[in-house]
Amino acid sequence: INDNQTNIYELPNINSNIIDFVNKNVNRPAKIKFWYQGGVEPCEATICLSPKQSSQRIAIISHGAFGSPREMNWLGYALASQGWVVAGVAHFGESWVYGAENIDPSSAMRFWQRPQDISFAIDSLSKEGLFNISLKTDKVIMLGHSSGGFTSLAMVGAKLEAGKSKAYCSSEKAKDDKGCSYGHQSQGEPMTKGRLTKIGLLQEKMRDDRVVAVIALDPALGHAVSEQSLESIKVPVLIIGSSDNDFLPYSTHAKYYANHVKGANLLGIEQGAGHFVYIDQCDSDRKVKGVFLCKDREGIDRKAIHKQVLEDVFSFIYRNGLG
């Protein structure tokens, strides 16, 4: 996907920068892409923010399975144009930005690593010398697409329920659900009592109270998440999903989340939009699980849908006093 193709929302002073970090607690690299309003004058920091930059407008983006922050440029640039410092986290083991040799398909099942990456990214925003302005990270908004949508919701309390995914994916209802092909449940490590206990402890650590609102774009793993955990979520949530979905059935994923998060806003994108309409416009012929990544169904205008989504995103942000 062409990184220079995205700037339909870019302003002259909107910049992006990729910084390499290492989470030494878990020995895990983290490439973070920042979108921001740059300062006119040079500064001594790694990233020079505009003097007008608010210290409180902080947004984090989590990409879909095996993607990268680059595919979310349309969203990152748009948020930055409205005064947000945006950090897009590339999840090691999934994202191609670390090189093909570091892609590990089994990492999709280690769902607790993604929230760890997000919390580390929030911590990193306070790293000395990174910015010329001290940012307040106690109230950040979280956005994500597909697996990143689940990651966003996990940051505020969503948890997987043991056995739920396997039961659903072996049923007739799941025949068109591409989400079931990740991890190959039948070949996975047996869910012993000890492993379930360990996963439960890891899930308790996924939540981060610094995330005060969530915007999930066609979120994945609805078939595996417990209703009880969703009912416990207390922050404002916006769910946007494709109602005529070609990858993740709307009723099982996007709508399921919205039905069980109290007060959640749900926007169903119609017009035949698919799962990958939420990433940048691109020219590749690549397919994911048989579905085109860049080619939309006939009559779909990805740029127009991005505009529609952004209107709803900013409406949600300002309606909830987050700006």
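The values are calculated or read from the model by the stated rules, or taken from the named source; none is laboratory data. The shown structure was predicted, so the numbers you read here are calculated from the model rather than taken from an experiment. Here the Cβ positions follow ideal geometry from the backbone for every residue, glycine too, while neighbour counts run over all protein chains shown. Only protein heavy atoms, including side chains, enter the accessible area calculation; ligands, DNA and RNA are left aside. Shrake-Rupley method; radii C 1.70, N 1.55, O 1.52, S 1.80 Å.
At a threshold of 8 angstrom on Cα-Cα distance, excluding pairs fewer than six apart, so keeping six or more, what relative contact order does the chain reach in percent?
Worked out over the chain, it gives 15 percent.
Using label points projected 7 Å from each Cα along Cα→Cβ, tell me how many nm separate V291 and E231, to one decimal.
2.9
If you fit an axis through the alpha-carbon atoms of helix 302-319 and take the longest principal axis of the Cα set of the chain, what angle between them do you get, 0 to 90°, nearest 10?
80
Quick one: among M109, M142, M72, which has the greatest mean-square fluctuation in a GNM of the chain with alpha-carbon springs under 10 angstrom?
Looking only at M109, M142, M72, the largest GNM fluctuation is found for M109.
Determine the gain in length on full extension of the stretch N320-D104; use 0.36 nm per residue of separation and subtract their C-alpha separation, reporting nm with one decimal.
Here the answer is 73.9 nm.
Please give, to one decimal in nm, the separation of the simple spin-label points placed at E311 and E204, each 7 Å out from Cα toward the Cβ.
4.6
Compute the acute angle (0 to 90°) between the alpha-carbon long axis of helix 113-124 and the principal axis of greatest extent of the alpha-carbon atoms of the chain; round to the nearest 10°.
Its long axis makes an angle of about 20 degrees.
Using r as the Cβ-Cβ distance of N13 and A162, and R0 as 51 Å, what FRET efficiency do you calculate, to the nearest 0.05?
The value I calculate is 0.55.
Angle check, please: helix 193-204 long axis (alpha carbons) against the longest principal axis of the chain (alpha carbons), in degrees 0 to 90, nearest 10.
30
Over the chain, average the accessible area per residue using a 1.4 Å probe and give it in Å², no decimals.
Accessible surface, normalised per residue, equals 46 Å².
Reachable lysines from K139, Cα under 27 Å, same-chain residues fewer than 8 places away excluded?
Candidates past the 8-residue exclusion: K24, K31, K33, K52, K127, K159, K205, K234, K255, K262, K307.
Select from I19, A224, A30 the residue farthest towards the positive end of the dipole of the chain; place +1 on Cβ of Lys and Arg, -1 on Cβ of Asp and Glu, and compute about the Cα centre.
Positive-most Cα among the choices belongs to A224.
At what distance in nm do the modelled label points of R28 and E41 sit from each other, each positioned 7 Å from its Cα along Cα→Cβ?
According to this spin-label approximation, the distance is 4.0 nm.
Of all beta bridges DSSP finds with both residues in the chain, what is the antiparallel percent, to the nearest 5?
45
Considering only protein heavy atoms and a probe of 1.4 Å, how much of the accessible area of the chain is carbon and sulfur, as a whole percent?
Taking all protein chains in place, the chain shows 48 percent carbon and sulfur surface.
Placing unit charges on C-beta atoms (Lys and Arg positive, Asp and Glu negative, everything else neutral), compute the dipole magnitude of the chain about its Cα centre in debye, rounded to 20.
820
Considering the dipole of the chain built from charges on the beta carbon (Lys and Arg +1, Asp and Glu -1) around the Cα centre, which of C294, M142, L153 is farthest to its positive end?
The Cα lying farthest towards the positive end belongs to L153.
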